[in-house]
Amino acid sequence: MAKLDSAKSFEAEKEHAGKTEPKLNGTLLSVMLVGGFIILSWIGVYALYLSR
Amino acid sequence: MHMHKYEKIWLIFGGITLIVFLSVIGVSAFAMGHHPPSDMTTIDPEKVKETAPFDDPGLKKIGDNEYEAVMVAQAFMFGEPLEVPKGATVHFKVTSADVVHGFSIPGTNVNMMITPGHINTITHTFDEAGEFLIICNEYCGVGHQAMSGRIEVN
């Protein structure tokens, strides 16, 4: 009986996890910050190359 | 496969960035002619002084405010100072008579390796008057730190 209960709650948990998305707001912000830094550095280096 | 909405956003963002970077480099290489400062032209490094054009190094006028600077880099000099008018386009043609040297003009994009056996070329337009330094930036021996040349733009 106990076994059945745990199996049930596992199923319920699985269902629950599939429906709610993890919160990735911080991840998105971090990725965009790193991306922005890479783009700005790239533009800076390329502008320096073109201007000299 | 399930993917988070944000995950899609940053994958697309990264993909577009990569495409833009590679396109800019591709266009500047194939349409604007930017390329590394060495070509496949070779020379016998032991016969540099007998091989044209290095048998007569120096500055040659080849067009309207356009010059060819033929130079031999060797321990520890670049040759006579050059003098060009402001706005001159100079095609540097440099080879080494001994070891690997560097050829860099600070403040410009001129920066190349001078490898013995190869003729290294780079073009620069001097839009500003002044004195420019050519420095060796590859360690070439005990006199490396004293190896420099001069370009006078007036």
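The values are calculated or read from the model by the stated rules, or taken from the named source; none is laboratory data. Just so it is clear, the structure is predicted and the values come from calculations on it, not from any experiment. So basically every Cβ, Gly included, is an ideal-geometry build from the backbone, and we count neighbours across all protein chains shown. When the accessible area is computed, the model is the full protein with side chains, heavy atoms only, and any ligands, DNA or RNA have been set aside. Shrake-Rupley method; radii C 1.70, N 1.55, O 1.52, S 1.80 Å.
Specify the residue that is nearest to B:GLY58 (Cα to Cα); the eligible residues are those in the stretch B:99-154 that are among the small types (Gly, Ala, Ser) and within 14 Å of chain A (Cβ to nearest Cβ). I'd like the intermediate steps shown before the answer.
Step one: filter the stretch B:99-154 for residues among the small types (Gly, Ala, Ser), giving B:102, B:104, B:107, B:117, B:129-130, B:141, B:143, B:146, B:148-149.
With the extra rule that they be within 14 Å of chain A (Cβ to nearest Cβ), the set shrinks to B:104, B:107, B:130.
Numbers: B:SER104: 17, B:GLY107: 22, B:GLY130: 19 Å.
Here the answer is B:SER104.
Select from the stretch B:41-62 the residues that are without any contact (Cβ under 8 Å) to a residue 12 or more places away in the chain and part of a strand (DSSP E or B) and list them in ascending order. Spell out the reasoning first.
Initial filter on the stretch B:41-62 (without any contact (Cβ under 8 Å) to a residue 12 or more places away in the chain): B:46-47, B:50-52, B:55, B:60-61.
Hits for the stretch B:41-62 are B:LYS60, B:LYS61.
Output the number of the condition that B:VAL27 fails; it satisfies all remaining conditions of (1) part of a loop (DSSP other than H, G, I, E, B); (2) within 14 Å of chain A (Cβ to nearest Cβ); (3) among the hydrophobic types (A, V, I, L, M, F, W, C).
Single failed check for B:VAL27: (1).
Quick one: which residue in B:MET32, B:MET3 is over 29 Å from A:ALA47 (Cβ atoms) and within 14 Å of another protein chain (Cβ to nearest Cβ)?
On the way: B:MET32 fails: over 29 Å from A:ALA47 (Cβ atoms).
After ruling out the rest, the residue left standing is B:MET3.
Please tell me if B:GLU66 is touching a residue at least 24 places away in the same chain (Cβ under 8 Å), more than 26 Å from B:ALA146 (Cα to Cα), among the acidic types (Asp, Glu) and in the same structural domain as B:PHE92 (by TED's automatic domain parsing).
For B:GLU66, the condition - touching a residue at least 24 places away in the same chain (Cβ under 8 Å), more than 26 Å from B:ALA146 (Cα to Cα), among the acidic types (Asp, Glu) and in the same structural domain as B:PHE92 (by TED's automatic domain parsing) - is met.
Conditions tested, residue by residue: (1) surrounded by 10 or more Cβ atoms within 10 Å (Cβ to Cβ); (2) modelled with pLDDT of 85 or more.
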site: A:PHE10; (1), (2): yes, no
site: A:GLU13; (1), (2): yes, no
site: A:LYS19; (1), (2): no, no
site: A:ASN25; (1), (2): no, yes
site: A:SER30; (1), (2): yes, yes
site: A:VAL34; (1), (2): yes, yes
site: A:TYR46; (1), (2): yes, yes
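Filter the stretch A:32-52 down to residues that are more than 9 Å from every other protein chain (Cβ to nearest Cβ) and under 28 Å from the mean Cα position of the chain (by Cα) and give me whichever is farthest from B:PHE13 (Cα to Cα).
Looking at residues that are more than 9 Å from every other protein chain (Cβ to nearest Cβ) and under 28 Å from the mean Cα position of the chain (by Cα), I get A:GLY44.
For the stretch B:98-114, which positions are of a type outside the set (Gly, Ala, Ser) and buried (at least 18 other Cβ atoms within 10 Å of the Cβ)? It would help to see each step written out before you state the result.
First, the residues of the stretch B:98-114 that are of a type outside the set (Gly, Ala, Ser): B:98-101, B:103, B:105-106, B:108-114.
Hits for the stretch B:98-114 are B:HIS101, B:PHE103, B:ILE105, B:VAL110, B:MET112, B:MET113, B:ILE114.
I need the full set of residues from the stretch B:122-154 which are closer than 16 Å to B:ALA88 by Cα, touching a residue at least 40 places away in the same chain (Cβ under 8 Å) and open to solvent by less than 40 Å² (accessible area, probe 1.4 Å), in order please.
B:ILE122, B:PHE126, B:ILE151, B:VAL153
If you check B:VAL48, B:VAL24, B:VAL84, which single one turns out to be open to solvent by less than 50 Å² (accessible area, probe 1.4 Å), more than 14 Å from the chain's Cα centre (by Cα) and outside the structural domain of B:ASN137 (by TED's automatic domain parsing)?
Being open to solvent by less than 50 Å² (accessible area, probe 1.4 Å), more than 14 Å from the chain's Cα centre (by Cα) and outside the structural domain of B:ASN137 (by TED's automatic domain parsing) holds for just one of B:VAL48, B:VAL24, B:VAL84, which is B:VAL24.
Out of the stretch B:51-81, which residues are within 15 Å of B:PHE132 (Cβ to Cβ) and open to solvent by 20 Å² or more (accessible area, probe 1.4 Å)?
If the condition is that a residue be within 15 Å of B:PHE132 (Cβ to Cβ) and open to solvent by 20 Å² or more (accessible area, probe 1.4 Å), then B:LEU59, B:TYR67, B:GLY79, B:GLU80, B:PRO81 are the ones that fit.
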